[in-house]
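Asker: The structure follows.
The values are calculated or read from the model by the stated rules, or taken from the named source; none is laboratory data. Quick caveat: nothing in here was measured; it's all calculated off a predicted structure. We place every Cβ from the backbone using ideal geometry, glycine too, and count neighbours over all the protein chains shown.
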Amino acid sequence: MLRSFRARLTVVAFALLGAACALATADVANPPDMTRAINVSPEIVDRNGHLLRAFLTRDGYWRMKTNARDVSPRYLEILKAYEDKRYDKHFGIDPAAILRAGLQYFAAGHVVSGGSTLTMQVARILEPPRTHGVVTKLFQMLRAVQLEERYSKDEILSFYLTLAPFGGNLEGVRAASLSYFGKNPSQLDLSEAALLVALRNRR
C-alpha cells in the first residue's frame with residue numbers, strides 16, 4: 001500500500017515537473033511582442049530637455065515615451081482607483097476583479113464591468129486581438145503574467161502611459177495631455193487628470 005502510494009506520488013511529481021518545464025520553455029520561446037513599446041515618436045529637445053518638436057512614429061502615431069515619474073501623481077491615483085485598485089499587489093491578474101465581473105455578467109446577462117488589470121490592458125495594446133472571447137482573455141492573462149515576470153510595476157505602468165489610446169492617432173497620456181491641454185502630464189490639475197482617465201475609458 002505504502003509502496004503504491006509512493007509510486008503514484010513519484011508519477012505526480014514528475015508530471016508536475018514536466019508541466020513546469022513545458023511552461024518555462026513556452027515562456028522563453030514565446031515572449032511578449034514589445035515592438036509597439038519600442039516604436040515611439042522621435043523627439044527634438046533643447047539643452048534643458050524641454051520638448052521642441054515630436055514626430056509621428058513609423059506606423060503613423062503620436063506615441064511619446066512616458067515614464068511614471070513624468071505624470072502627475074493625482075493622475076496615477078485616479079487611474080488606479082478607476083482601472084485597477086490592486087495594481088501594486090497583484091501578479092498581473094486580479095482574481096477578485098475577475099470573479100466580480102463574472103458574477104455581474106451572469107446576474108445582468110451582459111458585461112457590467114471588466115476584470116482586466118492594467119497589465120492585461122498593456123498585453124492587449126501590445127498585441128491587439130483579432131477576435132474577442134474567453135480564449136483571447138486567457139491569452140491576455142498569460143501575457144500579463146509574462147510581463148510581470150519580466151518587468152517591474154513602474155515599467156509596466158510606463159508601458160501603459162506610453163501606449164494607451166486616446167482617440168485618432170494619439171497614444172499615451174503625454175501625447176494626449178500635450179494635445180488637449182498644451183501641457184506635460186506632470187502639470188495636470190485634478191479635473192484635467194480625471195478627464196483624461198474618463199476619455200481613455202470611452203475608447
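Asker: Does Val197 satisfy the criteria of being in a helix (DSSP H, G or I) and surrounded by fewer than 16 Cβ atoms within 10 Å (Cβ to Cβ)?
Answerer: So Val197 fails the test.
Asker: Could you check region 55-66 and list, in sequence order, the residues that are under 19 Å from Ser177 (Cβ atoms) and free of Cβ contacts under 8 Å to residues at least 40 places away in the same chain?
Answerer: Result: Phe55, Thr57.
Asker: On to the next question. Being at pLDDT below 90 and either surrounded by 14 or more Cβ atoms within 10 Å (Cβ to Cβ) or under 24 Å from Gly182 (Cβ atoms) (or both) is true for just one of Ala19, Ala101, Ala96, Ala7. Which residue is that?
Answerer: Exactly one of Ala19, Ala101, Ala96, Ala7 is at pLDDT below 90 and either surrounded by 14 or more Cβ atoms within 10 Å (Cβ to Cβ) or under 24 Å from Gly182 (Cβ atoms) (or both), namely Ala101.
Asker: Pick from Leu161, Leu178, Leu147, Leu170: which is in the same structural domain as Glu83 (by TED's automatic domain parsing), buried (at least 17 other Cβ atoms within 10 Å of the Cβ) and in contact with a strand residue (DSSP E or B) (Cβ under 7 Å, 6 or more places away or on another chain)?
Answerer: Leu170
Asker: Right, something else. For region 144-179: of the residues being touching a residue at least 60 places away in the same chain (Cβ under 8 Å) and among the charged types (D, E, K, R), which is nearest to Asp59 (Cα to Cα)?
Answerer: Here the residue is Glu171.
Asker: I'd like to know if region 174-184 contains one or more residues that are among the polar types (S, T, N, Q) and assigned to a helix (DSSP H, G or I).
Answerer: yes
Asker: Among the numbered conditions (1) at pLDDT below 90; (2) surrounded by 14 or more Cβ atoms within 10 Å (Cβ to Cβ), tell me where Ser113 comes up short.
Answerer: Here Ser113 clears every test but (2).
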